[in-house]
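Scroll down for the structure; my scribbles are underneath it.
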Amino acid sequence: MDFKLKIWRQKNAREKGGFRTYPINDVSPEMSFLEMLDYLNKQIIESGGEPVTFEHDCREGICGSCGLFINGRPHGPMRRTTTCELHMREFTDGDTIVIEPWRSKAFPIIKDLVVDRSSFERIMHAGGFISVDTGSAPESNSLPVSKNNSDKAFDAAACIGCGACVAACKNSSAMLFAAAKIAQYALVTQGKAEAKERVDKMVRQMDAEGFGYCSNTYGCEFDCPKGISIDFIALMNREFFSSKVCRQIPGRYTRKV
Amino acid sequence: MKKKATTLPSLSQKYIMAVAGIFLMLFLIFHLATNLLMLAGDGGKQFGNVVNFLTENPAVKIMEYILFAGFLLHIILGVILQVHNYRARPVRYHSRLQTETSQFSRYMIHTGVIILVFLVIHLMNFFFIRLGWVAVPDHAESRHDFFSMAVVLFQNPWYSLVYIVSFVFLGFHLKHAFQSAFQSLGLNHTKYTPAIKVIGTIYALAISIGFSLIPLYFLFIF
Ligand code: HEM
Ligand code: FES
């Protein structure tokens, strides 16, 4: 298969970038999208050029590092699929493929197609954990979790933090990510103790990073490679509301001595 | 690098926006019910009675202030939200976003601004006259005589057209807004959410068609 690739090239965070077009021939339909880019880079290197930088790690859809904005959609034309699992057979021979980095104020470009997603990390640092003592694993049946909730928590935890929700959102909002990460704790017993502080802190951190606000367009759900549901955003909204209305005031029950 | 947020959390803003929106949606039902009395064919008698009752009622007076606050909150937050969202993506994509979204959700600010423009015209034509801010037109008996004002305005086909078009856009706004407000408040349910979407569509249609009947009546039947 032959393609014309229109790729965003940008030397570093400060310099202005622009598109460059590369013709590429003899692409196997069995190649993954990233293999196709490897193949392109081989040719660029052989002709003495600077290869296209893109992020990747597992190449099996679980690490979330490979996000590319392909022909107007995060992770390309196939639903429920990460860029690394997308194959060239999904494209038509002779196509022009436009490849861009995620675009968001909270995801500044590092180089070419690689963006800095540490804003997601900071949202996690703000509250995406449970405080437990280390030691031997507790008896698994001592903390009852209903089947329904454990299934839902598992669905939420399927989020790989790739940022496709932000990329797909017209508002560049990270609410699907934050919601999934809040829900995966909120739904299970282990997460309940810190639930109120967690949702407040994570939402505030998300705002501080400069993500947009959700306007319920549901584009995130459509393009999430893991099919995370917008029901989790509603759950986050509920959690947030109850954290405000039934807020625990720290130190309320302790007397001054 | 730790960044600190100083403004009202995004979710609080969304809650306020949704509550104000729901309040406005309830008001629209009430307003439509009152206006449809103009079609009773009694020369606006029943309609006039209701208007008189409402203008003299102190409880309604209080509701008017709340309504005004509701509009202001909704509009101000809507604009703030939109500006914030534009700025969250300072460099736009080269390709057109191909992601499928809920139909009218992309145009909330556009339909919102059209409603706002209509709202200003509408207040000048009716409400501000009653308040005495705008002069009473000659054909009206008093500043409460909304029926005569409506007759003259709607018999102008251009005015009626603008009115109907505005309500079509309000319908678009409401089609998304109804279920969106439930989602924003976290009221989401596997079984009931599809029903809420259907009710929202019916509501949006009812408001658009209901209000449009009034100019059509004065143009073609009255
Ligand atoms: C009678 C008039 C109106 C009604 C009943 C109404 C109702 C609603 C409702 C219920 C929502 C959904 C809120 C949510 O999902 O949280 C909404 C959203 C919105 N409205 Fe209105 N609205 C009206 C007029 C306006 C006006 C005049 C503007 C002006 C600029 C406006 C701008 C917006 C925007 C930008 C949104 C999207 C906000 C978001 O999704 O987060 N609306 N409206
Ligand atoms: S490279 Fe790990 S998800 Fe694609």
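The values are calculated or read from the model by the stated rules, or taken from the named source; none is laboratory data. Owing to the predicted nature of the structure, the values given are computational and were not obtained by experimental measurement. Glycine gets a Cβ as well: all are built from the backbone with ideal geometry, and neighbour counts include every protein chain shown. SASA here: full protein model, heavy atoms, side chains in, ligands and nucleic acids out. Shrake-Rupley method; radii C 1.70, N 1.55, O 1.52, S 1.80 Å.
Quick rundown of the values:
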{"read-out": "Qualifying residue in segment B:36-50 (condition: of a type in the set (Val, Ile, Thr) and farther than 28 Å from B:Gly112 by Cβ)", "value": "yes"}
{"read-out": "Pick from segment B:1-53, criterion modelled with pLDDT of 90 or more and basic (Lys, Arg), ranking: farthest from the chain's Cα centre (by Cα)", "value": "B:Lys45"}
{"read-out": "Any hit, segment A:125-140, residues being touching an Asp or Glu at 6+ places or on another chain (Cβ under 8 Å), within 24 Å of A:Cys214 (Cβ to Cβ) and away from ligand 1 (no atom under 16 Å from the Cβ)", "value": "yes"}
{"read-out": "Condition check for A:Met88: open to solvent by 60 Å² or more (accessible area, probe 1.4 Å) and either aliphatic (A, V, I, L, M) or facing chain B (nearest Cβ under 8 Å) (or both)", "value": "no"}
{"read-out": "Within segment B:40-49, considering residues that are crowded, with 17+ Cβ neighbours inside 10 Å and either without any contact (Cβ under 8 Å) to a residue 12 or more places away in the chain or part of a helix (DSSP H, G or I) (or both), the one farthest from ligand 1 (Cβ to nearest atom)", "value": "B:Gly48"}
{"read-out": "Residue check for A:Arg73: open to solvent by 80 Å² or more (accessible area, probe 1.4 Å) and either within 12 Å of ligand 2 (Cβ to nearest atom) or touching a residue at least 12 places away in the same chain (Cβ under 8 Å) (or both)", "value": "no"}
{"read-out": "In segment A:106-142, residue least open to solvent (accessible area, probe 1.4 Å) [restricted to those that are within 16 Å of A:Leu68 (Cα to Cα) and of a type in the set (D, E, K, R)]", "value": "A:Asp112"}
{"read-out": "Given (1) within 11 Å of another protein chain (Cβ to nearest Cβ); (2) more than 16 Å from the chain's Cα centre (by Cα); (3) closer than 15 Å to B:Ser105 by Cβ, index of the condition B:Gln179 fails", "value": "(2)"}
{"read-out": "Long-range neighbours under 7 Å by Cβ, at least six apart or interchain, first residue under 14 Å from B:Asn85 (Cβ atoms) within segment A:213-235, second of a type in the set (Ser, Thr, Tyr) and assigned to a helix (DSSP H, G or I)", "value": "A:Tyr213/B:Ser10; A:Ser215/B:Ser105; A:Asn216/B:Ser105; A:Asn216/B:Ser180; A:Asn216/B:Ser184; A:Thr217/B:Ser105"}
{"read-out": "In segment A:47-62, the residues that are without any contact (Cβ under 8 Å) to a residue 12 or more places away in the chain and open to solvent by less than 80 Å² (accessible area, probe 1.4 Å)", "value": "A:Gly48, A:Gly49, A:Pro51"}
{"read-out": "Candidates A:Leu5, A:Leu40, filtered to the one that is open to solvent by less than 50 Å² (accessible area, probe 1.4 Å) and free of Cβ contacts under 8 Å to residues at least 40 places away in the same chain", "value": "A:Leu40"}
{"read-out": "Of all residues making up segment B:125-152, the number that are open to solvent by less than 50 Å² (accessible area, probe 1.4 Å), in a loop (DSSP other than H, G, I, E, B) and under 21 Å from B:Pro215 (Cβ atoms)", "value": "4"}
{"read-out": "Residue that is farther than 27 Å from A:Tyr213 by Cα, in contact (Cβ under 8 Å) with a residue 40 or more places away in the chain and open to solvent by less than 30 Å² (accessible area, probe 1.4 Å), where the choices are B:Ser160, B:Ser180", "value": "B:Ser160"}
{"read-out": "Any hit, segment B:93-105, residues being among the hydrophobic types (A, V, I, L, M, F, W, C) and open to solvent by 70 Å² or more (accessible area, probe 1.4 Å)", "value": "no"}
{"read-out": "Breaking point among (1) part of a helix (DSSP H, G or I); (2) within 14 Å of chain B (Cβ to nearest Cβ), for A:Lys105", "value": "(1)"}
{"read-out": "Some residue of segment A:26-48 being more than 24 Å from the chain's Cα centre (by Cα) and within 14 Å of chain B (Cβ to nearest Cβ)", "value": "no"}
{"read-out": "Test: residue in segment B:77-100 that is within 14 Å of another protein chain (Cβ to nearest Cβ), in contact with a helix residue (DSSP H, G or I) (Cβ under 8 Å, 6 or more places away or on another chain), more than 23 Å from B:Leu36 (Cα to Cα) and of a type in the set (D, E, K, R)", "value": "yes"}
{"read-out": "Residue among A:Val115, A:Val52 that is touching a Pro at 6+ places or on another chain (Cβ under 6 Å), within 16 Å of ligand 2 (Cβ to nearest atom) and not acidic (Asp, Glu)", "value": "A:Val115"}
{"read-out": "In segment B:102-129, the residues that are of a type in the set (Phe, Trp, Tyr) and farther than 16 Å from A:Lys170 by Cα", "value": "B:Phe118, B:Phe126, B:Phe127, B:Phe128"}
{"read-out": "Options B:Leu81, B:Leu72: the member that is under 23 Å from the mean Cα position of the chain (by Cα), open to solvent by less than 80 Å² (accessible area, probe 1.4 Å), aliphatic (A, V, I, L, M) and within 11 Å of ligand 1 (Cβ to nearest atom)", "value": "B:Leu81"}
{"read-out": "Residue in segment A:193-216 that is nearest to the other protein chains (Cβ to nearest Cβ), counting only those that are of a type in the set (Asp, Glu) and assigned to a helix (DSSP H, G or I)", "value": "A:Asp207"}
{"read-out": "Residue match in segment A:169-188 (condition: more than 27 Å from B:Tyr93 (Cβ to Cβ), away from ligand 1 (no atom under 16 Å from the Cβ) and hydroxyl-bearing (Ser, Thr, Tyr))", "value": "yes"}
